[in-house]
Structure formats: structure tokens, C-alpha cells
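Here the structure is laid out as C-alpha cells; the discussion comes afterwards.
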Amino acid sequence: MTDATLLSTVVIPQLIVGLGNPEPKYYKTRHNIGFEVVDTLAHRAQISWSENRRFQALAGEGRGPAGKQIRLLKPLTYMNRSGQAIRAAIDWYKLPPESVLIIYDDLDLPVGRLRLRLSGSAGGHNGMKSAIAHLGTQNFPRLRIGIGKSSPDRDTVSHVLGKFSPEETQLVSEVLQLATDAVELTLKQGVEKAMNLYNSRVVSC
């Protein structure tokens with residue numbers, strides 16, 4: 001199924017997943033920005049997290065914008081095995097893979113940018129590789145949050161698992177609000193509408 005085919009129907013996410021690593025040492029690292037977006041969504045919707053051992057994840061349910069039901073998930077399986085938790089959740093809720101919106105970090109986007117798509121490859125992201133493998137398809141919406149490339153004197157792993165610089169932290173705070181706005185719009189009017197409005201937006205100093 002291509003983006004063009006998916007665009008013929010309005011895609012409203014039924015499960016929103018943020019990718020990250022669960023230990024405190026990973027808190028607010030670049031690789032965990034997916035967790036931060038769903039945390040922001042949970043805060044806005046007054047949804048509390050609880051550990052769901054069936055999913056191997058933190059999960060929350062409540063009402064989002066316009067009273068729509070919202071289900072949130074933060075896998076506790078570590079990034080490379082994120083797909084296990086997502087698969088368990090969609091099997092339990094009896095959801096099709098196409099109804100899952102996954103939020104994660106992207107090295108190829110600068111800090112201050114986000115990109116919504118209806119489908120696509122993993123692009124080298126291990127969490128997405130696991131999600132695609134366990135869902136058996138890459139035709140599900142995703143929201144990529146820019147974390148910028150590493151500097152020449154720093155390896156990629158250290159960059160991804162490192163924290164944002166003080167200059168970037170203010171941008172990230174605004175990006176989290178923008179990303180949350182975008183996700184809320186997908187719940188009200190669909191992913192395509194949010195793509196049109198938010199893929200061109202840039203948060204800058």
C-alpha cells in the first residue's frame with residue numbers, strides 16, 4: 001500500500017506509541033524524545049501511566065481532543081525490542097497496524113523540525129526496525145522528531161544517547177508542544193491534515 005492509497009481514507013490513530021529506553025539514565029536523552037511527546041500528550045489529557053505486564057510497557061487510556069478515546073504506550077522492552085510491546089498491545093486491543101502512530105527520534109532532521117508520514121522504512125532506526133518486523137508491515141503512520149546529526153568529533157551512539165545542549169533545550173520544549181498539537185490534530189481530523197499543517201513548521205531560536 002502506498003502513501004497515495006492511504007491518503008484516500010482518513011487515518012485516525014487509535015494507539016499512540018512513543019519510543020525510548022526505560023532506565024533513568026536515558027531520561028531526556030535525544031533517543032527518548034518519543035517518550036517525551038507521549039508524556040506531554042498524557043499531561044494534556046490528564047492520563048496517568050500504569051505498568052502493563054501483558055504489553056511489557058507503560059500504558060494509559062483516556063479522552064483526548066473532542067472527547068476522542070486516546071491510548072498511549074511507552075514500551076519498557078528497550079529500543080531494539082520495541083515491536084514486542086506494540087504487537088502485544090494491538091493484539092489485545094484488536095487494532096490493525098495502520099491505526100498505530102509511532103513517535104521517535106530522527107538524526108536526519110535538525111532540532112526544531114518534525115515530520116509526519118503515513119508509511120515508510122525504518123531509516124536505520126532500531127526501534128522502528130523492531131516495530132516493522134513485529135507488525136509485519138511498514139504501512140503505519142509515524143512522527144519523526146529531529147535530534148540533529150552528531151558533530152564530527154562525536155560518534156553517533158554517544159550523540160543519540162546524550163542530552164540536548166542548553167541552546168537546544170528551549171527549542172525541544174517548543175517542539176514537544178508542536179508535536180503534541182500535531183498528534184492531537186491527527187486524532188480530530190486525521191494524519192493527512194496534520195501532515196499538511198505541521199511538516200513545514202520549523203521551531204527556531
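Quick notes on this one:
- Flag set for residue 88, criterion: buried (at least 19 other Cβ atoms within 10 Å of the Cβ) and more than 16 Å from the chain's Cα centre (by Cα).
- The lone exception for residue 8 - which of (1) touching a strand residue (DSSP E or B) at 6+ places or on another chain (Cβ under 9 Å); (2) modelled with pLDDT under 95 it fails: (1)
- Pairs where the first residue, in the stretch 191-203, is closer than 14 Å to residue 118 by Cα and the second is modelled with pLDDT of 95 or more and basic (Lys, Arg), C-beta under 6 Å, 6+ apart: 199/115
- Single condition residue 167 does not satisfy, out of (1) over 18 Å from the mean Cα position of the chain (by Cα); (2) within 27 Å of residue 83 (Cβ to Cβ): (2)
- Test for residue 132: is it within 21 Å of residue 57 (Cβ to Cβ) and part of a helix (DSSP H, G or I): yes
- Residues (hydroxyl-bearing (Ser, Thr, Tyr) and crowded, with 17+ Cβ neighbours inside 10 Å) located in the stretch 144-197: 180, 186
- Within the stretch 99-129, being part of a helix (DSSP H, G or I) and surrounded by fewer than 19 Cβ atoms within 10 Å (Cβ to Cβ) holds for 99, 126, 129.
- Identity of the residue in the stretch 64-84, of a type in the set (A, V, I, L, M) and under 22 Å from residue 116 (Cβ atoms), that ends up surrounded by the fewest Cβ atoms within 10 Å (Cβ to Cβ): 66
- Residues of the stretch 82-111 satisfying the condition of being touching a Leu at 6+ places or on another chain (Cβ under 6 Å) and either of a type outside the set (A, V, I, L, M) or on the phi > 0 side of the Ramachandran plot (or both): 82, 97, 104
- Segments classed as strands (runs of 3 or more DSSP E), wholly inside the stretch 8-75, with at least 3 members that are closer than 30 Å to residue 148 by Cβ and touching a Leu at 6+ places or on another chain (Cβ under 8 Å): 15-18, 57-63, 69-75
- Every residue from the stretch 135-164 that is among the small types (Gly, Ala, Ser) and under 20 Å from the mean Cα position of the chain (by Cα): 136, 146, 148, 162
The values are calculated or read from the model by the stated rules, or taken from the named source; none is laboratory data. Small disclaimer: the values here were computed from a predicted structure and weren't measured. Note that each Cβ is placed from the backbone with ideal geometry, even for glycine, and that neighbours are counted across all protein chains shown.
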